[in-house]
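**Student:** First the structure, which I've put down as structure tokens, then a few questions once you've had a look.
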Amino acid sequence: MIDLIGLSIQFAGKYLFEDVNLKINKGEKIALVGSNGTGKSTLLKLIKGYELSEAGMVQKPNGIKIGFLSQEFVNLRGKKIKDEVLFSLPFAADIIEMDEKINLRLLIKDLSDDERHKLLIQQGEINHRKEETGFYSLNSTIEKILTGLGFANSDLDRYTDEFSGGWQMRIELAKILAADNDLILLDEPTNHLDIDSLQWLIDFFKSYRGTIICVSHDRYFLNQITNKTLEIFNRKISFYNGKLDSFLQFKEERDLRLEEELKLQQKKIKATQDFIERFRYKATKAKQVQSRIKQLEKVDIVDAPQTEKEIRIHFPEPVKSGVTPLLAFGISKSYGKKNVLDNINFKVDRGDKIAFVGPNGAGKTTFAKIIAKIISFDSGSLEYGHNTFISYYAQEVADNLNTDLDLIESLSECQENLTVLQIRKILGSFLFSDDDVFKKVKVLSGGEKSRVALAKILITKANLIILDEPTNHLDFSSKRILQQALTDFKGTEIIVSHDVEFLRPIVNKVAEIRNNKLKLFEGGIDYYLSKTGNIPEKELPAKKSFPVSALSDNKDIKRIEAELRNKRYKLTKDLKQQIETLEINIHDSEKDIVLIEKELADPSIYLNPENVKNKNKFYNELKLSLEQMLEKWTELQEELENIESSIEKEFKEIAG
């Protein structure tokens, strides 16, 4: 289908790849991978014809239809969404234009019978062409694609100008999907999709009979839609016959093997060089020395595995919050006449790691910002538990950064007591070194801004972290490191994300926000997907058997889960009440202490020595009482944690 013949391209004197010979067959679904800067996007542009190679050629069949979704934002204007997609199809645009011209001519009053007859014949031919090309079903197909990608029916007659860059990218994707292309090239197609439209796109591509080449950092998406992996590695491009996960395992084993081969080769080279140096001036060894020199000249150095510097993230041990860091009652929020959230009730337990999912525009980001105190709500109430400290990562990271500051100033905003040396060390762990730290935030790329925003969260020492689409600008390596850091984090997390593979090991609950309401699923992302029909039960990870007894069916499991929930309630009910009462008393005592400290700081109080004596006595009693309450609170928290941990272990044994 597509032949790459002797293909070479370089930038700034450095080859991305050279002398590439490759055949891409019809119907192949390919994941294109490689380290940052190896030329993945460039290869897609070469195949499409947007870039010219330095040498070689891309051979394509005549008449092949290629759709290309670029990472770069588009700016669509002047048409309704539905018309933008319809008129992007050349055959449809031609038919509509010809049809309109004929209809206008037929409206002429003094048209001769002969001319009218000719026009009617042409109109009949156009109608026949409409039937042949499926023109009559186009509107229905376009509507299905647009609604599948997340547009409401009421959006379809709105103008493209009204939509943000992310939504315009969806319109571009819809144009590609509607075009019945032979080959689709995708460069990071999932960055602006929610979990619903992502699943719809996966289903679309599973039934698509053409060829796909896709660059994406979304492992779940690639594993679902591709069956081959194309890697750019050491200026070469080669196929691996398998999905991304099996390729990554192969790559890890290959890199280890290459490292060993390189070590062995370097050892042999050194031994040869030592021999040459030792006997270079001995006449009796001249022949052997010359032989060794020739051997060295012929050595083909083993290509070392490409290694990229990796960010380092380790969240500090957070201060323990109360058992319930957050309670939301009847939260409602509207933007003008548009109701986004309606009477939302939501409870977060300490240690919860909750994913916010749902269609774009449903209110996930709005609710996350409300919890983070970024925006206000119209009605309801929010209660934050004892010792709850919040940090927020914005989807549009620039919204959370002062772009006029340099990197050192940006981190100093969060922690004034950090020295420049300490800040430089933190920035270094996020791959900012030397003069990079003096760059203004405004000149950074999307990925670099993401790293700065993560660094700021790292130094806030929050125990409730809220992240809105944290993976959008991160590569595989950075996503994996962030994923591990969030999995290990001892505090509480709320993550707005559509990235299933990223969420899988982290979250223990899923909150779906849809149609102005919130529904909580007490399980991980796979549990949510199976319950909502987005992933078949058979595709879930295999479950281990429950050791207590052979569970015959779901009824047995549900019965045991109900018993465990009842057991948890009985064991923790009194403890939680005691903890909540203590937290209220601690809060009141802390307020009283602050009040007395203010009174004692007022010089006029010392005009009455007896009053000062009584105030000091009461102050010391309060401090002692507070210390005792905090000690008791810690004991009860540990007792509660032990019970919760024991019950959670039993739940995990049931779930496998």
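**Student:** If you check Val85 against the conditions, is it at pLDDT 80 or above, touching a Gly at 6+ places or on another chain (Cβ under 9 Å) and crowded, with 16+ Cβ neighbours inside 10 Å?
**Tutor:** On the way: at pLDDT 80 or above: yes; touching a Gly at 6+ places or on another chain (Cβ under 9 Å): no; crowded, with 16+ Cβ neighbours inside 10 Å: yes.
No, not satisfied.
**Student:** Related question: Could you please give the count of residues in region 431-458 that are in a loop (DSSP other than H, G, I, E, B), modelled with pLDDT of 80 or more, surrounded by fewer than 20 Cβ atoms within 10 Å (Cβ to Cβ) and of a type in the set (A, V, I, L, M, F, W, C)?
**Tutor:** The number of residues fulfilling the criteria is 0.
**Student:** Check region 179-195 and report whether any residue there is surrounded by fewer than 22 Cβ atoms within 10 Å (Cβ to Cβ), in the same structural domain as Leu32 (by TED's automatic domain parsing) and part of a helix (DSSP H, G or I).
**Tutor:** For region 179-195, residues surrounded by fewer than 22 Cβ atoms within 10 Å (Cβ to Cβ), in the same structural domain as Leu32 (by TED's automatic domain parsing) and part of a helix (DSSP H, G or I): absent.
**Student:** For region 494-517, which positions are buried (at least 23 other Cβ atoms within 10 Å of the Cβ) and charged (D, E, K, R)?
**Tutor:** Correct list: Asp499 only.
**Student:** What tally of residues in region 361-387 results from selecting those that are of a type in the set (Lys, Arg) and part of a helix (DSSP H, G or I)? Full working, then the answer.
**Tutor:** Here is the first cut: in region 361-387, the ones of a type in the set (Lys, Arg) are 364, 369, 373.
With part of a helix (DSSP H, G or I) added as a condition, the list becomes 364, 369.
Number of matching residues: 2.
**Student:** Of the residues that sit in region 246-280 and are surrounded by 13 or more Cβ atoms within 10 Å (Cβ to Cβ) and under 30 Å from Leu183 (Cα atoms), which one is modelled with the lowest pLDDT?
**Tutor:** Once the filter is applied, the top-ranked residue is Lys251.
**Student:** To continue, here is another question. Considering only residues of region 309-331 that are touching a Leu at 6+ places or on another chain (Cβ under 9 Å) and loosely packed, with under 13 Cβ neighbours inside 10 Å, which is nearest to Leu575 (Cα to Cα)?
**Tutor:** His314
Residue-wise test of (1) over 30 Å from Tyr220 (Cα atoms); (2) touching a residue at least 12 places away in the same chain (Cβ under 8 Å); (3) not assigned by TED's automatic domain parsing to the domain that holds His192; (4) not in a loop (DSSP other than H, G, I, E, B).
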| site | (1), (2), (3), (4) |
| --- | --- |
| Gly27 | no, yes, no, no |
| Leu44 | no, yes, no, yes |
| Pro61 | yes, yes, no, no |
| Gln71 | no, yes, yes, no |
| Val74 | no, yes, yes, no |
| Asp83 | yes, no, yes, yes |
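**Student:** Shifting gears a bit: Pull up region 235-273, narrow it to residues that are part of a helix (DSSP H, G or I) and among the aromatic types (Phe, Trp, Tyr), then point me to the one that is nearest to the chain's Cα centre (by Cα).
**Tutor:** We begin by selecting, within region 235-273, every residue part of a helix (DSSP H, G or I); these are 244-273.
With among the aromatic types (Phe, Trp, Tyr) added as a condition, the list becomes 247, 250.
Values: Phe247: 21, Phe250: 24 Å.
The residue in question is Phe247.
**Student:** Please pick out the residue among Val443, Val348, Val357 that is closer than 20 Å to Leu474 by Cβ, of a type in the set (A, V, I, L, M) and touching a residue at least 40 places away in the same chain (Cβ under 8 Å).
**Tutor:** Details: Val443 fails: touching a residue at least 40 places away in the same chain (Cβ under 8 Å); Val348 fails: closer than 20 Å to Leu474 by Cβ.
The conditions single out Val357.
**Student:** Still on this structure, I have one more. May I ask you to list the residues in region 510-529 that are assigned to a strand (DSSP E or B) and touching an Asp or Glu at 6+ places or on another chain (Cβ under 6 Å)? Explain how you work it out, then say what you get.
**Tutor:** In the first step, residues of region 510-529 are kept if they are assigned to a strand (DSSP E or B); the result is 510-514, 517-521.
Of everything in region 510-529, just one residue is assigned to a strand (DSSP E or B) and touching an Asp or Glu at 6+ places or on another chain (Cβ under 6 Å), namely Lys519.
**Student:** Scan region 1-24 and report the pairs whose first residue is at positive phi and whose second residue is in a strand (DSSP E or B) and of a type in the set (S, T, N, Q), with Cβ atoms within less than 6 Å and a gap of 6+ or a chain change.
**Tutor:** Asp19/Ser8
**Student:** May I ask you to say which residue of Lys479, Lys461 is at positive phi, touching a residue at least 12 places away in the same chain (Cβ under 8 Å) and surrounded by fewer than 23 Cβ atoms within 10 Å (Cβ to Cβ)?
**Tutor:** Criteria check complete, one pass: Lys461.
**Student:** Against the definition (in contact (Cβ under 8 Å) with a residue 24 or more places away in the chain, surrounded by fewer than 16 Cβ atoms within 10 Å (Cβ to Cβ) and not aromatic (Phe, Trp, Tyr)), how does Ile225 come out, yes or no?
**Tutor:** Working: in contact (Cβ under 8 Å) with a residue 24 or more places away in the chain: yes; surrounded by fewer than 16 Cβ atoms within 10 Å (Cβ to Cβ): no; not aromatic (Phe, Trp, Tyr): yes.
So Ile225 does not fit the description; no.
**Student:** Then there's this: I'm checking my understanding of the structure. Among residues of region 127-168 that are in a helix (DSSP H, G or I) and small (Gly, Ala, Ser), which one is surrounded by the most Cβ atoms within 10 Å (Cβ to Cβ)?
**Tutor:** It comes out as Gly148.
**Student:** Can you confirm whether Ile66 is touching a helix residue (DSSP H, G or I) at 6+ places or on another chain (Cβ under 6 Å), modelled with pLDDT of 90 or more and not basic (Lys, Arg)?
**Tutor:** Working: touching a helix residue (DSSP H, G or I) at 6+ places or on another chain (Cβ under 6 Å): yes; modelled with pLDDT of 90 or more: yes; not basic (Lys, Arg): yes.
When the stated conditions are applied, Ile66 passes them.
**Student:** Then there is this: For the condition in contact (Cβ under 8 Å) with a residue 40 or more places away in the chain and of a type outside the set (A, V, I, L, M), what is the one hit in Arg235, Arg170?
**Tutor:** On the way: Arg170 fails: in contact (Cβ under 8 Å) with a residue 40 or more places away in the chain.
On inspection, the qualifying residue turns out to be Arg235.
Okay, residues lined up against (1) at pLDDT below 80; (2) in the same structural domain as Lys206 (by TED's automatic domain parsing); (3) in contact with a helix residue (DSSP H, G or I) (Cβ under 6 Å, 6 or more places away or on another chain):
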| residue | (1), (2), (3) |
| --- | --- |
| Glu501 | no, no, yes |
| Phe521 | no, no, yes |
| Tyr528 | no, no, no |
| Lys531 | no, no, no |
| Asn534 | yes, no, yes |
| Gln577 | no, no, no |
| Leu582 | no, no, yes |
| Ile593 | no, no, yes |
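The values are calculated or read from the model by the stated rules, or taken from the named source; none is laboratory data. All of these numbers come straight from a predicted model, not from anything done at the bench. Methodologically, a virtual Cβ is constructed for each residue, glycine included, from the backbone with ideal geometry; neighbour enumeration extends over all protein chains shown.
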